[in-house]
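The values are calculated or read from the model by the stated rules, or taken from the named source; none is laboratory data. None of the values given here were measured: they were computed from a predicted structure. Heads up, the Cβs are rebuilt from the backbone with ideal geometry, glycines too, and the neighbour counts pull from every protein chain shown. In case anyone asks, the SASA skips ligands and DNA or RNA and just uses the protein heavy atoms, side chains included. Shrake-Rupley method; radii C 1.70, N 1.55, O 1.52, S 1.80 Å.
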Amino acid sequence: MQVSEVCKQTGLTKKAIEYYQSKGLISPKVSDNGYREFSDSDVSRLQEIALLRRLDLGTDEVRQVVESSDKQHALVLIKQAKEMQAKAKLARLELMDQLIDGVDVADIQASLNLLEQQCTIGQKLLAIFPGYYGKYLSLHFGQFLNEPLMTDEQKTLFSKIVKFLDDVEPIDVPAELQSFLDDADKQMDEEDIKEVSVNIQSAYADFDAFWENNKDSIAQYLDFKNTSEYQNSAMAQLMDLFRKFGETSGYYDVFIPMMRKLSPSYDAYYRKMLEANAKLMQKMSHAISG
C-alpha cells in the first residue's frame with residue numbers, strides 16, 4: 001500500500017507517518033524504486049498511533065502502549081500519571097485566577113510553595129519512576145507515603161532512596177515465573193492491594209485476637225509450606241528469588257532503614273510487624289511443643 005492510501009485510511013499526514021517511521025514505531029518495506037510499501041499491520045499500527053495521539057499521549061507514551069505485551073495495563077499506568085499531572089495543573093490554574101484577580105504576588109508564591117510541599121512522597125516516586133516500577137512502589141508503600149517532604153532530613157533521605165532504587169539491579173525473573181507474576185498483577189487492582197494492606201495492619205494492631213480467629217488456618221498454611229507441592233510451585237520459587245534479592249541488593253539493610261526514617265507511619269507499622277512476627281514464632285513454638 002502506498003503512503004497516499006495510508007494517509008486516507010489513518011487520517012495522518014505524510015510528515016506524521018515519516019516521523020513515526022523515524023522513531024521506529026513502524027518499519028515499512030522499501031521497494032527497489034525507493035517507494036515505501038505499507039503492510040496491513042503497518043496501517044493498523046498507524047491507526048492505533050493516531051487514536052493514542054488524539055487521546056493526548058506523547059510519542060514516548062505511545063511507544064509504551066504499542067510495544068507492550070499488555071496494552072491495557074500500560075494505558076492504566078499512563079492514565080494514573082496523567083491524572084496526577086492534571087490535578088497539579090488544575091491547582092496552578094486556580095492560583096493563576098487569583099493572580100488575575102489581583103491577589104498579592106507574595107501570597108501566590110507562598111501558595112505555590114505549599115502546593116509543592118504537599119506533593120506526597122508517593123506522588124513524587126510515581127513521577128520519578130513512571131510505569132510498573134513506580135506503581136509497585138506507590139502501592140506497596142503508598143499508605144505510608146501520603147505525606148509531604150517537610151524536613152531537610154526527609155529531603156536528603158528521599159534523594160538517597162531515589163538513587164538506591166535507580167541504581168539497584170532488577171530481579172532476574174525467569175520467563176516462566178514472569179508470566180505467573182504478570183497474571184497475579186492483572187488479577188489484583190489497586191483496591192485489592194489496599195484491602196490486603198488494611199487486613200495486614202489489622203492483624204498487626206491486635207495480633208492476639210488475630211491469632212485466636214485464625215490459628216487453625218495459619219497452622220494449615222505452615223503445614224502446606226512444608227509440602228513438596230508448595231516447594232515446587234511458582235510461588236515458592238518467586239518467594240525464594242525475592243528473599244535472595246533482599247539479602248544481596250541492600251533492600252533490607254539499606255532501603256528499609258531509610259524508609260523507616262523517611263516515614264514515621266511506616267516505622268510504626270514496621271515495629272508492629274516485628275512484634276507480631278515475634279509473637280507468631282512464640283505461639284507456633286508453644287503449639288509444636290504442646
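Please go through (1) exposed (fewer than 11 other Cβ atoms within 10 Å of the Cβ); (2) at pLDDT 75 or above for M150 and return the number of the only condition it doesn't satisfy.
The one condition M150 does not meet is (2).
Return the total of residues in segment 19-46 being open to solvent by less than 80 Å² (accessible area, probe 1.4 Å), closer than 15 Å to T59 by Cα and not aliphatic (A, V, I, L, M).
Number satisfying all stated conditions: 4.
Among the residues of segment 246-290, write down those that are polar (S, T, N, Q) and closer than 18 Å to D166 by Cα.
T248, S249
Do you know which residues across segment 231-274 are over 24 Å from F144 (Cβ atoms), in a helix (DSSP H, G or I) and open to solvent by 90 Å² or more (accessible area, probe 1.4 Å)?
Correct list: Q231, K244, T248.
Out of segment 83-94, which residues are more than 21 Å from I108 (Cβ to Cβ) and open to solvent by 60 Å² or more (accessible area, probe 1.4 Å)?
E83
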